[in-house]
Structures are given as structure tokens and as C-alpha cells.
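The values are calculated or read from the model by the stated rules, or taken from the named source; none is laboratory data. The model shown is predicted, which means the values in this text are computed figures rather than measured ones. Every residue, glycine as well, gets a Cβ built from its backbone with ideal geometry; the counts of neighbours run over all protein chains shown. Remember, those area values only see protein heavy atoms, side chains included, never the ligands or the DNA or RNA. Shrake-Rupley method; radii C 1.70, N 1.55, O 1.52, S 1.80 Å.
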Amino acid sequence: MKPMRLKAVLRETWRNVATGTSRCALISLLLSICAVACMCADLTQMTGLIGDARKWKESGASTYAITLQGGIDGAACEGLRSANGVLGAAALRQSSDRVRIASLPATEIPTYEASAHVAQVFAATGIRKDNSGVIMSTAVARTYGAHAGTVLPLVGGTRMRVSATFNWPSDGRQPTYGYAIISPGNDTKAYDTCLVRAWPVPDDIESLLRVSIRADAESGTGAAASATSAGTSGSNETPHAKISRINTMLGSHMPGPADFDARITRYAPLLMFVTAMALGFASVCMRRIEIASALHAGYPKTAMLLQLSLETLATVAASCAACLPVVAIVPLILTGSGDAMPVVAMLCRVPGAMSVGMLAGTAVGGMTIRERQLFAYFKARA
């Protein structure tokens, strides 16, 4: 049998698509509905999980504290910043001196001394390049009309420069730093608390926190150990140190990679593949008389399979175009989160699976049609 030229195959493909013989419009519509439905379902669940994780992170639920009066090593605490998942770590202790600003001299503001990188733990904004000055909670900043760079006169004639501000709302988190001024420093004195902000939270977060305990305090031989308050107990406590989360209002289950991997819509690409393969197979079977007749008239089988594949590509291209709006809205929904591109990549698996499934179904359907069964197809039509 003389092979058929590619130009002739392309011409037959165009005619079938243009005249509706291949039912491209109908099949493309069905594929588009299924693909968009799968993508929207998966997008809804993914954005919900991302929102839960963001809420958990921003509420301070992923910030842990280990408290041991006079028993925290500032350098060891800051060293935790190099651990996987740790976004910031800093040691703090309450200062015996309370700040009084000249505009409200009768009001004393609780003040804390902290290690150098405390701004990372509190996600402070407006940090000055020279990192000089104090960081201030937004509640204090609003009271005195301060912001990063403001210089406030204090009682006694001295001045205080605001390096940055941090938000500490009353959303269930410990109120300790809700109305406070924190002064970063580099001294080697013992601290009372080590704060660690992490995401995702390491499984060994409690072990990491205990690294910050001074050796003499942990062994109970130093002065810090003798100053430790009594009565601490519980599964998350050592004999001297207390480990806690800053905010426990969201419960104990942290939304993380396990929840993302366990979402029900993770099977959307597989469902789309099976659906597309079934549609591709059915679309060819509906034309089996036409295809068998062409084969009977001398149309080469390889040329027929190529033609069917090209018609399928036209159908798939239209369906993929219909999926573009779903992909386009992802950056709008997840603006500034850094998760937009991974979500887009996950969604693109659906049209990818649709394309492969449609081509596979078409190929399988085309190969099952035999010229010798032409009359059986005619009889079955009745």
C-alpha cells in the first residue's frame, strides 16, 4: 500500500475539525468542564490549607518559648537560627528599668533586653539599616505616635530611637510583649527566655529549645538553677525549664505538608486522566463506521492514527485554553505569599493528565477498529 503524504493527512484533519465530523467542539466542552471542575476543587482545597498555615504562622502558634529564669544562654539561643525551619531565634530577659517617655511621664512601659536578632522573632517592620535603637510593639507606637526612625525624649533628658515596630495583637497569644519595648544587645549575661519562630516547625523543636539552656542551670549547680521558680510540671517541661507555644488558640494540630499531601483532591490529575481517556476512546468508537470505511477504501492505518491524534490535539488545545483563567487567578488569590508558582505547577498537572489521557484513549480506540469488522459495525448500528 502506497504511504499517504503528510499534507493529505493534515488536509483531512482540517476538514474533519472544521466541519464538525470529529466532534471537537462537543468533546472539548466536556473536557473543559471536567478539567476546570477538578482544578477549581484542588485550588479551593490548596488555598484553604495555605490560608490555615498562614494563619497559624502569623498568629504566633508556630513560635515556641523556653523559659528558665537566669538560665538561658543568649549565644546558644541565637545559634538556633541556623536550624532547618527556624525563621528567627532570640533570648530575652525583663529589664529592671522601665522606660518613661516625656510626653506621658507617669506611664511606665515594660522593657525587655534581648539578643541581637530579636527583630526576626517578632517579624518587626521598618528595621533601620544600622539596627540601632529599640523595637516597639505597635500598641506602644500608636500611643506615642512613633514609627521606625522616630526619636522619643525620655524622662531625665535622654532620648530613645525606635528601630522597628512589631505587631502583637490580642488574638490568644501570651500578652507579655503586647505593650512593651525591647532593646537588642550583645551582652553575655544570662537570659530568662528563648523565643524561636519556625515554619514549618521541626519535629525536634523541643530538643532544639533545650540547647539554649546554660550548662550550670540545667545541671542545677548554678545560681540560675536555684532561682528557678518551683511547681513546673507536665509532659512538655524539664525539671527546671518550661516549654510553651506563644499562641494555643488554634489547637495543637499544626497544618503542614502532611495535610497537603493527604488532601482528597490530590487525585484530581488521576481522575482527569481516566475521564479523558474514556472520552478519547468513546470519541473514536462513535466514528468506527467512518474509520473502518476509510480503511476499507485503502486509507493507511498509520495515517488514520496520525489523523486521529492531530484531531485530538486540536480538541485538547481548546480545552487547555479554557483552563487558563483558573491558572491566571492563582497569583491574585495568593498575592505575596510565595506559594503561587507551586500551586500553579500543581494545577497544571490536571490539563497535562487530560492531554495524555485523551491521546491515549484515542490511540487505543483507533487501534481497536478493524477494517474486517466494517459490516459488523453496520449491523450493530441498527
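For the chain, report the accessible area per residue in Å² (1.4 Å probe, heavy atoms, rounded to an integer). Each step should come with its number before you reach the end.
Numbers: 19290 Å² over 382 residues.
Result: 51 Å² per residue.
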Over the Cα atoms of region 22-111 the radius of gyration and the largest Cα-Cα distance (Dmax), both in Å, equal 26.4, 85
Report the gain in length on full extension from W14 to T44: 0.36 nm times residue separation, minus Cα-Cα distance, nm rounded to one decimal.
7.0 nm
List the cysteines in the chain whose Cβ has no other cysteine Cβ under 4.7 Å from it.
C24, C34, C38, C40, C285, C320, C323, C348
All-pairs alpha carbon distance profile, region 260-357, 10 Å steps from 0, percent
14, 34, 26, 15, 8, 2, 0
Counting only protein heavy atoms, what percent of the accessible surface of the chain is carbon or sulfur at a 1.4 Å probe?
60 percent
When the chain is fully extended, how far beyond the present Cα-Cα distance does L29 get from T248, taking 0.36 nm per residue of separation?
74.0 nm
Net length gained if the chain between H147 and K189 were fully extended (0.36 nm per residue, minus Cα distance):
12.2 nm
Given a 1.4 Å probe and the protein chains all in place, what does the accessible area of R98 round to, in Å² to the nearest 10?
110 Å²
Heads up, I need the accessible area for E206: 1.4 angstrom probe, whole protein in place, Å², nearest 10.
60 Å²
Report the antiparallel proportion of the DSSP beta bridges in the chain as a percent, rounded to a multiple of 5.
80 percent
Just to verify a number: what accessible area does L26 come out at with the full protein assembly present, 1.4 Å probe, Å² rounded to tens?
100 Å²
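Show me the helices of the chain, taken as full DSSP H stretches, that run 27 Å or more along their long axis by Cα and average 1.0 or above in Kyte-Doolittle hydropathy. Write out the running numbers ahead of the final one.
Numbers: long enough: 24-58 (48 Å, 0.92); 301-328 (40 Å, 1.38); 349-368 (28 Å, 0.86).
Once both thresholds are applied, what remains is 301-328.
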